[in-house]
């Protein structure tokens, strides 16, 4: 009985073992890249390296999220559980954007 419980817990935790950390940096009214790719289940972390507080949000539907207001050197992590494509921006700088592509999880 105990072996089944342990095996179940290991299998439930296994997908997180393969998750990756994807980092998006924002500084001087610019994102670190114009396009960022991740897989469903990856941790996508937004870093504010600007002295001014900012928040980031999806602009197009598909991967809806909004970070809290991030002060200098603060970060916020979002995990997307399904594949989607969106544009992320900072409302204070509407021309500054990053395309975020989350690839669906594949079963091998």
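The values are calculated or read from the model by the stated rules, or taken from the named source; none is laboratory data. Please read these numbers as outputs of a predicted model, since none were measured by experiment. Heads up, the Cβs are rebuilt from the backbone with ideal geometry, glycines too, and the neighbour counts pull from every protein chain shown.
In segment 49-69, the residues that are free of Cβ contacts under 8 Å to residues at least 12 places away in the same chain reach residues that are in a loop (DSSP other than H, G, I, E, B) and surrounded by 15 or more Cβ atoms within 10 Å (Cβ to Cβ) with C-beta atoms within less than 9 angstrom, at least six apart or across chains, in these pairs: 66/55; 66/56.
Would you tally the residues in segment 28-52 being under 21 Å from residue 105 (Cα atoms) and part of a strand (DSSP E or B)? Counting residues in segment 28-52 that are under 21 Å from residue 105 (Cα atoms) and part of a strand (DSSP E or B) gives 8.
Residues in segment 60-108 that are at pLDDT 90 or above, over 11 Å from the mean Cα position of the chain (by Cα), part of a loop (DSSP other than H, G, I, E, B) and surrounded by 15 or more Cβ atoms within 10 Å (Cβ to Cβ): 74, 83. Apart from one condition, residue 41 fits all of (1) loosely packed, with under 15 Cβ neighbours inside 10 Å; (2) on the phi > 0 side of the Ramachandran plot; the exception is (1).
Report yes if some residue within segment 79-94 is within 20 Å of residue 19 (Cβ to Cβ) and touching a helix residue (DSSP H, G or I) at 6+ places or on another chain (Cβ under 8 Å); otherwise report no.
No, every residue in segment 79-94 fails to be within 20 Å of residue 19 (Cβ to Cβ) and touching a helix residue (DSSP H, G or I) at 6+ places or on another chain (Cβ under 8 Å).
Scanning segment 23-38 for residues that are closer than 15 Å to residue 90 by Cβ and buried (at least 20 other Cβ atoms within 10 Å of the Cβ) returns 26, 31.
Of the residues making up segment 73-108, those that are free of Cβ contacts under 8 Å to residues at least 12 places away in the same chain and either within 15 Å of residue 59 (Cα to Cα) or in contact with a strand residue (DSSP E or B) (Cβ under 7 Å, 6 or more places away or on another chain) (or both) are 94, 95.
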